[in-house]
Each structure stands twice: as structure tokens, then as C-alpha cells.
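A quick write-up on the structure given underneath.
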Amino acid sequence: MSGNPLEQGEGVESFCGRIKQVVFHNLENGYAVMVVRPDEAPEETQTVVGVLAAPAAEMRLCFHGQWESNAKFGRQFKAERMEPLGTTLREAIVLFLQSGSIKGIGKTMANRLVERFGEALFEVMDERPEALLEVRGVGKANHGRILKNWQKARDDAQLMLLLYQLGFGAALTRAVSKCLREADPQADPLKMVQENPYLLAQVRGITFQRADAAALQLGMQRLDPRRIEAGMQEILIQLANNEGHTLLEEPRFHQQLTVLLALQGHQDQLNLVPMVLERLDLGQGPLVRVYGRDGSPFVQLTRYHDYEKQIAYHISRLHGPSPIETISDGWIERVSRGHFSLSVDQRQALKTITQDKVAILTGGPGMGKTTITRYVIEHAVENKQTVKLCAPTGRAAKQLAEATGEVALTIHRLMGKGSDESVDGQRKFECDLLVVDESSMMDEWMASSLLQMLPDHCRLLLVGDADQLPSVAAGRVLQDLIQSGVVPVARLTEVHRQAEGSGIALGAVEILHGRRPQMARDFKFVAVTGGMEHLHQCANRMLEGIDKMMRVGGIDGAEIQVITPMHGTEVGVKALNERLHEQLNPYQAGQEVLELDGFAYRAGCRIMQTKNDYDLELFNGDQGEIVEISKDAQGELQVIAKFDEAQKLLDREQMGNIVPCYAITVHKSQGGQFNYVVTPVVTAHGKMLYRNLFYTCVTRARKGVVLVGSYEALVMAISYKENMQRNTGLLSRIEERMGGAV
Ligand SMILES: Nc1ncnc2c1ncn2[C@@H]1O[C@H](COP(=O)(O)OP(=O)(O)OP(=O)(O)O)[C@@H](O)[C@H]1O
């Protein structure tokens, strides 16, 4: 291609095309590398680079700049400016009809109708419908049907035309319509988009950048306060999703907004941000301005502010002297008779956590959290109290039930909810003590929803390991509550699993202190050397090791969990799942195979649910195994899978929430326990080698840990103490409510 210039002059060339892929986008400075299909030659692709505003796949743009030859990357277009382009109304009508929106009108008919009536087509269908009969292919038989189907489709037509004009494809156009109608069945979705194009970003598959481009196409000014506010929201959403912070210092907005909204050079933007922030003081809308303990201003999404206020309020409402007698030495002596005697810190813990209605029990693996929880339950039951047990994930709840012999539910299930929407504040649990295990995984939404369901008289015991990774979603509730000092915290420090010869628990303590763990019968390190070949060798040694554990050690493959910090690399989740699938569950002739996201599922495959599905009663993190893949009456593949003892029938769509789980990430392993954990420790995992992540990984194992990799990487994983601090407003909210110890 010669550059497909639409216009040329003064050294500036221009061409238009659709972004196929955004290869790289630096959020700090806006530099982007994109693969673009030029309009003139859509079968070709060209690389476009430059500091550009908000690029996103599927966007159609006009690029202005120069072609250049890069020594390393070859010929590419260096764009100095780009403008989003839409589709004409006429083209949009064709796209609308061609997508099958009006049943009875196919592709050929669509072209004929638009050729004949152009942009006036819909007006003709409404006002002179008989005119359609002039078009070849429309006869008496199908005329009535077309008009009837038009009546059904017309509600959405204007919205869809607008979206097509903005350059969206058929699938996204339908998704927008569905999403907006669900959000507000009474409202007109066309008006919603026109008034606030940033609503588009709520639709899965549409990024903020794409919605922003649509807003600009619809005529929104770059410095429109609505755009500034939407940009601020986006920054906070990304901050919460990617880093777990629930607020951001005001001065940092200026720099981040300038990049996100491509406001470089717009001097006025410096005045606009304070102007938008001033409005926030009214406390209305999706953003609020809050102040830190030293008076410094922060901006926060209103929903996190609400969660934090709620948590602070409920902690202050619930906490106070326990209504039942504090556990005494005498009681401990009596109940522990015949069992091992509790250590000094365990006895103290029992007293501490029964003195207040709200208390925290924390400690590392094998230090006795479950043991102490069992004592607390027994004490409550003796005092005729009703006890409920729960945990943030299905796996953690199951383990709690097994360890205590009591019923334990996920927090979602306990709240009796089918969705992540806010809870009806009127409903309360009927119980006198609620125990939440693995509470380090509890995020702010979960905590605020749960706490508001506790009746005033109810006691709350949060059990968890504060050194584990914090919750996946934003916040650090357990750590904040511990730091606040407003509720008693019992901290266990002594490993007791040692009595049973556990090198895992001891190793975990060493890791937390930044020391290299002692290798033991159940804590092994397999050193792999080998330069460039290192990752490949490492993967091989992991697979050989697993094979040996099964053949020689007689361990069932299902007891072994590979945990790795990353998705990519030869020792990442993706590659290891493929190799383990081949090794542990090889293809057998004649087996049905379901290909999804490049993975060939077949009977015997280990799988994991990645979302809560209340209809199927499957929860994020539940692991199972495919029993059979077969065809249903329509010839569609369906999967029968076993999760614990329950069999579930999953269709292709439901399989979209399933991933193979021979290997999982450390984040996905949180709250789970596995008999054996095999994990790679390689320098290639770079910034994922940090202490709390490594600690979380190792402490998932009950019976054995096998680390495979290099000493250098092991030292990195232990030495590097990643800053786990997340910025939240919870401490300030607690201080406002309860003052004192914060
Ligand atoms: N004081 C003690 N003396 C002897 N053994 C103990 C003592 N306390 C706990 N144990 C034993 O140590 C093991 C670990 O205890 P427990 O399961 O309560 O710890 P945990 O903190 O819940 O561990 P994890 O977080 O790994 O589940 C158990 O087998 C338990 O019976």
C-alpha cells in the first residue's frame, strides 16, 4: 500500500481505517501501537503508532501523520492526530437490516430497499407501507409479514441506527440495547445514550475509550464537565479493579485525566477539574470528595464511600461488651480435657475474642485458628446461642464445614441473594454469633452487605490470616479493622502443626520473616538450571515430578494442584494446563471434544467455575471434573460435570464461565486448600515474585509443597516485600464514628 492517502499536503498524509487490535497503550503518556485495517484495503493490516487518545479495537478513525521506516519494526504510520469516524445514516440502515433486525428482510432485500428509498425507508414503512411493493422481491405474501416485524423492531431502530452510525458492530449494538433496557425498563435507551454516552461503557465489550470516542462523535466538547466527570469515574474504577484502592488523592487526578482524555495542551482543563470537584462537595452523583485524617482531599466513587460508611456504622453499632461470660481458664480446662492443652497465646486468644461482641482472630497456617473457632462455637452453644458460619468463597466454606462439623455457607448464600445487588437492609439473620472464616478475602461490598444483616445483639468473629493477599475486589477490610484498633484482635503466633511434623507451616513463617524456608519431608525444592532453556526445563521437571508423585507416591492426580503466579510463560497457567491435560488426561479415540478459547475440553478434564451462577448453584472457585461430553437433541455439545457429588449439565454458554484448573493462579487459589501444591519459582515471573503472594501460594498446601525453579527466584520471592497497602477511606470513617484508637 502506498499509504492510502485521502489527502496529502505539507508532508502530512492521512488514511482511514478500523483498529483491529491495540497492541500496546501506555496509560502514563498515551503512546499507542495499533494494528489497523485501512478502509481502502481492509484485507491488509498496517501498524500505526503515536501518542493518541483512547484507542480501542473496532473503532474507525482517520489518521494524520507520516509513514516512516523503523529499523526494528519496519514500515509504520506515525500518527500525529486521529479522528473517530462513524458510518453514514444510509450505511447504518443497511447494517441494521442486514443484521436480521426485521425478520423477512435478508441481505439482498436490505440493499434493494435502501437503494429505492434511501434514508427515508423507515418513514415510508410507517406512512406509505404499500410503496414497499414497488421493490423486487416484496410481494403480497411477505409484505404483511415485513410490516408486522417492523412494528416489533421499530422500538430499537433509532438506537441501533445511532450506534451503527457511531461505528459499533451488530453484536455490540444488540448488547447495548439489552443492557440499557435492563438497567431502566421505563427509560428510552436512545435518549439515555444521547444524554450520557458514557453509559455505553457499562456494556461488556465496550471500553471507556470507545464510549468516549462515541461521546466526541456525538458532539460532546473535550472540556465538557460531563466528560471530565466520566473520566474521573473511569480512573477510580480502574484504580479499584487493578490495584484495589478505593480512593485517589486529588492532585493525581490532573495528571491522569490529562492522559486519559487527551487534554494535553488544553490549558483550561486545569480549572475544570477543580470546578467538577467543587460540585462533588454537594455529595451527589457517582463521585464524592472525602478528606484524609490530615485533611488532605481525596476523590472516591460514591459506592465505596457508602460501603465504608456502612462498615464503620455497623461496627460501631455491633461492638460492645459480650452478652455472655468471657471464657475462663476453668472453662478451657474442662473443655480441653482429653485433648491437647492449648498454648498460652491460644488461651489468651479465647479470652480476647469473647470479651467484645465484635472480635478478630488472626494467625498463620497451623497456628490454631480452626481449633480456637471450634472452642468459641462450643462456648456459644453451651450458652444457648445460635451460631452461623460463613466464608467468602464456596471452597473456604466447605473447608470450614469439614473442620468444624457444622453447616457453613458462602457469604452470598447466607445473605440469600442471587446477585451482587445491594441487600434489602430490613432483613436480618436469626443468630447470636456469626463466624466469618478467611475474612482477609472479604471486600468492602461484601463486608457492608453482610454487617447490615446482623441484628444488634449478634456477635461477630472475623477469622483470617492478615498476611494473605487482600480481597480480589477493592478494599482491605480485615487489615483496616485490625489497624483501627477499635475491636479486640487475638493474634496467634505459634505454629502447632509442627507437632505433626509440618515443614509447610514452619516454612510459611520463615517466608513471612523474609528468611529462606527449611526444606523438609513435606516442603521440597527442585533446583533447575539451564539458561535460555530454563522455563522449558522447569515445566518439564514439574510434569515429571507430578508423574512421580502419582506413580511412586501413589498420590491421586486430583490431590495435586499446580499454582503459578502468572498466565503467560511456559510455566504459566495457560501452558501448564495444556501440558497437564495431555499428561493426566490424554485424548482417547472417539471422545467428544468441546473446543473453547483454544482449549480442548474432554471427559476427565479438571475444571473450575469462575463466576457465581445461582441457577446452577456453582460458585466462583468451585472445582469439578467433566464426566461426559455429548450432543443434545439439537446436536449442540453439552457437558456433564461433577462438582463434589453433584452432577451439573452445562451448555456451551455456561461453559463460558469454566476454565481448566490443573494449574491456577495464586489469586484464584486464595481461600482454597489442596493436599499437594506444585509451584514454579522462576525469575521470569519478575514482579509477581513477592513475599505475600508466595506465602499465600505455599500456605494452600496441607500435605506437601514442591517448588521447582531457581534459588535466585526463590530469594527474590522471599525478599521482595511488595507494598500491600491499599488506599481506602475506611479508617477515616471508623475514626469519624468511633474516634479513639484509630
Ligand atoms: N496447642 C496445640 N497443641 C497441639 N496441637 C495443636 C494445638 N493447637 C492446634 N493444634 C493442631 O495443629 C493443627 C493446626 O491447627 P488448626 O487447624 O486449628 O490451625 P489453623 O490456624 O486453622 O490452620 P490453617 O489456617 O492452616 O487451617 C491441627 O491439627 C491442630 O489439631
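The values are calculated or read from the model by the stated rules, or taken from the named source; none is laboratory data. Computed from a predicted model, the values in this text were never measured in an experiment. Cβ placement follows ideal geometry from the backbone for every residue including glycine, while neighbour counts extend to all protein chains displayed.
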Residue 719 away from the ligand (no atom under 16 Å from the Cβ), within 30 Å of residue 502 (Cβ to Cβ), in contact (Cβ under 8 Å) with a residue 60 or more places away in the chain and outside the structural domain of residue 410 (by the TED database)
yes
I'd like to check which helices (runs of 4 or more DSSP H) are fully inside the stretch 164-258 and have at least 3 residues that are closer than 30 Å to residue 479 by Cα.
225-243
Could we say that residue 519 is surrounded by fewer than 16 Cβ atoms within 10 Å (Cβ to Cβ), among the hydrophobic types (A, V, I, L, M, F, W, C) and more than 19 Å from residue 367 (Cα to Cα) here?
yes
Looking only at the stretch 292-342, how many residues end up being in a helix (DSSP H, G or I) and in contact with a Ser or Thr (Cβ under 6 Å, 6 or more places away or on another chain)?
4
Quick check, is residue 556 under 27 Å from residue 703 (Cβ atoms) and away from the ligand (no atom under 16 Å from the Cβ)?
yes
Considering each of 406, 430, 444, 382 in turn, give the residue that is away from the ligand (no atom under 13 Å from the Cβ) and surrounded by 22 or more Cβ atoms within 10 Å (Cβ to Cβ).
444
Looking for something assigned to a strand (DSSP E or B) and out of contact with any His (no Cβ under 9 Å at 6 or more places or on another chain) - is there at least one such residue anywhere in the stretch 268-275?
no
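Conditions tested, residue by residue: (1) away from the ligand (no atom under 14 Å from the Cβ); (2) in a helix (DSSP H, G or I).
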site	(1), (2)
470	yes, no
475	yes, no
481	yes, yes
508	no, yes
Cβ contacts < 6 Å: first residue under 10 Å from residue 496 (Cβ atoms), restricted to the stretch 363-377; second residue within 6 Å of the ligand (Cβ to nearest atom) and part of a loop (DSSP other than H, G, I, E, B), any location; separation 6+ or different chain. Result?
366/496; 368/496
Does residue 395 count as within 33 Å of the chain's Cα centre (by Cα), within 16 Å of the ligand (Cβ to nearest atom) and assigned by the TED database to the domain that holds residue 467?
yes
Mind listing whichever residues of the stretch 555-598 are touching a helix residue (DSSP H, G or I) at 6+ places or on another chain (Cβ under 7 Å) and closer than 23 Å to residue 649 by Cβ?
594, 596
Under 9 Å between Cβ atoms, which residue pairs at least 6 apart in sequence (or on different chains) link something in the stretch 699-713 that is over 26 Å from residue 466 (Cβ atoms) with a partner that is within 16 Å of the ligand (Cβ to nearest atom) and of a type outside the set (Ser, Thr, Tyr)?
706/523; 706/677
Select the strands (runs of 3 or more DSSP E) contained entirely in the stretch 632-706, then report the ones holding at least 1 residues which are modelled with pLDDT of 85 or more, within 25 Å of residue 540 (Cα to Cα) and among the hydroxyl-bearing types (Ser, Thr, Tyr).
663-665, 674-681
Considering 114, 94, 138, 124, which residue is in contact with a Lys or Arg (Cβ under 8 Å, 6 or more places away or on another chain) and not assigned by the TED database to the domain that holds residue 17?
114
